[in-house]
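Everything on this sheet refers to the single structure shown next.
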Amino acid sequence: MILTCIIIEDEPLAQELLQEYIHRRGDLKLLGKFNNVNDFVKFKEVKIDLMFMDIKIRGNVKKDIEGLFSNDSSIVLVTAYTIDQLSDYDLSQISNVLYKPVSYEKFNRCIDEVFYSIINR
């Protein structure tokens, strides 16, 4: 099984690191990278299995995020903030959280958990 994925991240180094980790795995296919939510909205109609997203993106506000995601998509939150600091957001659609800085070991563990949850839906 290969999961299609995208990255929504405004930090270039974090975006590059996630891209590198995705390319190391044979079961992920990167469809696109976005610096902000507005660019992603134009791409929204494409079937995406997995989204890596930093919730605190430049120019991003809570209303921009709500309703963005398909119920079929798994969302991995990639953030430097703790869950307590994100209490204003509806995190019910979040499949997993990766805390920055993200190591490849943590990334792999996260992806394995996402696959497990998809298989057991």
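The values are calculated or read from the model by the stated rules, or taken from the named source; none is laboratory data. Treat the numbers as computed from the prediction; the structure is a model and nothing was measured. All Cβ positions, glycine included, derive from the backbone under ideal geometry; neighbour counts span all protein chains shown.
Structure data summary
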{"item": "Identity of the residue in the stretch 97-121, of a type in the set (Phe, Trp, Tyr) and under 15 Å from LEU28 (Cα atoms), that ends up surrounded by the fewest Cβ atoms within 10 Å (Cβ to Cβ)", "result": "TYR116"}
{"item": "Among (1) at pLDDT 95 or above; (2) among the β-branched types (Val, Ile, Thr); (3) touching a Lys or Arg at 6+ places or on another chain (Cβ under 9 Å); (4) not in a helix (DSSP H, G or I) - the single one VAL102 does not satisfy", "result": "(3)"}
{"item": "Qualifying residues in the stretch 1-48 (those that are hydrophobic (A, V, I, L, M, F, W, C) and in a helix (DSSP H, G or I)) - the one surrounded by the most Cβ atoms within 10 Å (Cβ to Cβ)", "result": "LEU18"}
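Residue-by-condition table, conditions (1) at pLDDT 70 or above; (2) small (Gly, Ala, Ser); (3) touching a Phe, Trp or Tyr at 6+ places or on another chain (Cβ under 8 Å); (4) within 22 Å of ARG109 (Cβ to Cβ):
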residue: CYS5; (1), (2), (3), (4): yes, no, yes, yes
residue: GLU9; (1), (2), (3), (4): yes, no, yes, yes
residue: LEU13; (1), (2), (3), (4): yes, no, no, yes
residue: ILE65; (1), (2), (3), (4): no, no, yes, no
residue: GLN85; (1), (2), (3), (4): no, no, no, no
residue: SER95; (1), (2), (3), (4): yes, yes, no, yes
